[in-house]
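A quick write-up on the structure given underneath.
Just so it is clear, none of the values below were taken in a lab; they were calculated from the coordinates. Here the structure is a predicted model, which is why all the values come from computation and not from measurement. Every residue, glycine among them, receives a Cβ derived from its backbone with ideal geometry; neighbour counts consider all protein chains shown.
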Amino acid sequence: MITKIRNVIENNSEFIILPHKSPDGDTIGSSVALERLLKNMNKKGYIVLNDEIPLNLHFLNCKVYTLEEFEKINLNIETVITLDSSDISRFENRVKLLENKTVVNIDHHITNMNYGDINYVFEASSVGEILFNIFTNLNYEIDEKIAEGLYVAISTDTGSFKYTNTTTDTFFAASKLRDKIDFEKVNTELYQNISYEDVILSNTVFETLKIYNEKVGIIYLTNEMIDELNLEVINTDGLVEKVRNINEVEVAIFIKEINENLFKVSLRSKYDFDVAKLAFKYSGGGHKKAAGCAIEGSLEEIIELFVNEIK
Ligand SMILES: [Mn+2]
């Protein structure tokens, strides 16, 4: 399998790199690391992404092309490498870049749909950890920039090494990367970089917090609340995890209005409750402890539905 990856890398000079929509530290860190590795081999990787990169990842200087920009320079690239994306809906309109190309799908979600020509899918903390293993096994040199991307990927996808996806292999990779990066700078950029606007948003959302049956913590955000706040950016990352952090909460839920009568529901759990099963019942998906779905109804109906389902 790794030979196939090596052949693809070594037999091509230009690549499209696809991170997933609503990008996180794993997909961006991995993209930056791969792009740099290719550059060091005198090759070129084009990261194509339409979405904004979260503020705390700006220090990685991830150079992206929107689909529109990329189509203007339209090159005859034959190979696409997708990172951290379990199914093709994660690419939105960029999915057309997969047509008539060799697709290398590198991912750590066991629910991956294996849509690639090469599917390098393993259970690991993060794609960052998988790339670390690929680069190490193929004796590719990991410089500071690559190490930074991979470390960010691993650190963010493990909740700073707190989640149970953190294995001894994860710590091994992190320990090798740790000494190649400016550890203080990376962690300060990643974790002490919250915008004032995000704090205002968080305060407003947490005014809605209610705990049901002493176990289910629910917060929500409606479009009316968003209009009243009048913020430039609405960043809800990490809010549902904060609900899960409450000592009595076993299942945390964040309900966000998409439009009238349609809501996005994010679910998190502690210990044994399987939120993926619940999300799956409503056409969503995810992991046992982190899942989501979209659902029609009023806010009140959805709260009642989930409180009853979890009961
Ligand atoms: Mn990931």
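Under a straight-distance cross-link criterion of Cα-Cα below 24 Å, which lysines are reachable from residue 162, leaving out those fewer than 8 residues away in the same chain?
176, 180, 185, 215, 242, 270, 277, 288, 289
Binning at 5 Å from 0, report for region 34-123 what percent of all alpha-carbon pair distances ends up in each bin.
3, 12, 21, 24, 23, 14, 3, 0
Expressed as a rounded percentage, what relative contact order does region 15-133 have, with Cα pairs under 8 Å and six or more residues apart?
This gives 26 percent for region 15-133.
Going by how many other Cβ atoms sit within 10 Å of their own, how do 41, 113 line up, fewest first?
By the 10 Å Cβ count, ascending, the order reads 41, 113.
Quick one: length gained pulling residue 311 to residue 136 fully straight, 0.36 nm per residue minus the C-alpha distance?
Here the segment from residue 311 to residue 136 would lengthen by 58.3 nm.
Could you bin all the Cα-Cα distances of region 1-80 into 10 Å bins starting at 0 and give me the percent of pairs in each, rounded to whole numbers?
Pair shares across the bins are 18, 49, 29, 4.
Need the C-alpha centroid separation for region 231-288 versus region 148-172, integer Å.
One Cα centre to the other: 22 Å.
Can you pull the one-decimal nm distance between simple spin-label points at residue 41 and residue 163, each 7 Å off the Cα toward Cβ?
Label at residue 41, label at residue 163, 2.8 nm between them.
Viscosity 1.567 mPa s, temperature 4 °C: give me the Stokes-Einstein translational D for region 196-310 in µm²/s, with Rh taken as the Kirkwood radius over C-alpha pairs. Spell out each step's value before the answer.
Numbers: Rh = 14.1 Å.
For the chosen part, D equals 92 µm²/s.
So what's the chain giving for Rg/Rh, alpha carbon basis, Kirkwood Rh from the mean inverse pair distance?
0.97
With a cut-off of 17 Å, note down the residues of region 55-92 whose backbone N falls inside the zone around a label point 7 Å from the Cα of residue 232 toward its beta carbon.
Correct set: 55-59.
Give me the lysines in straight-line cross-link reach of residue 21: C-alpha distance below 16 Å, same-chain residues under 8 apart excluded.
Leaving aside lysines fewer than 8 places away in the same chain, those within reach of residue 21 are 63, 96, 264.
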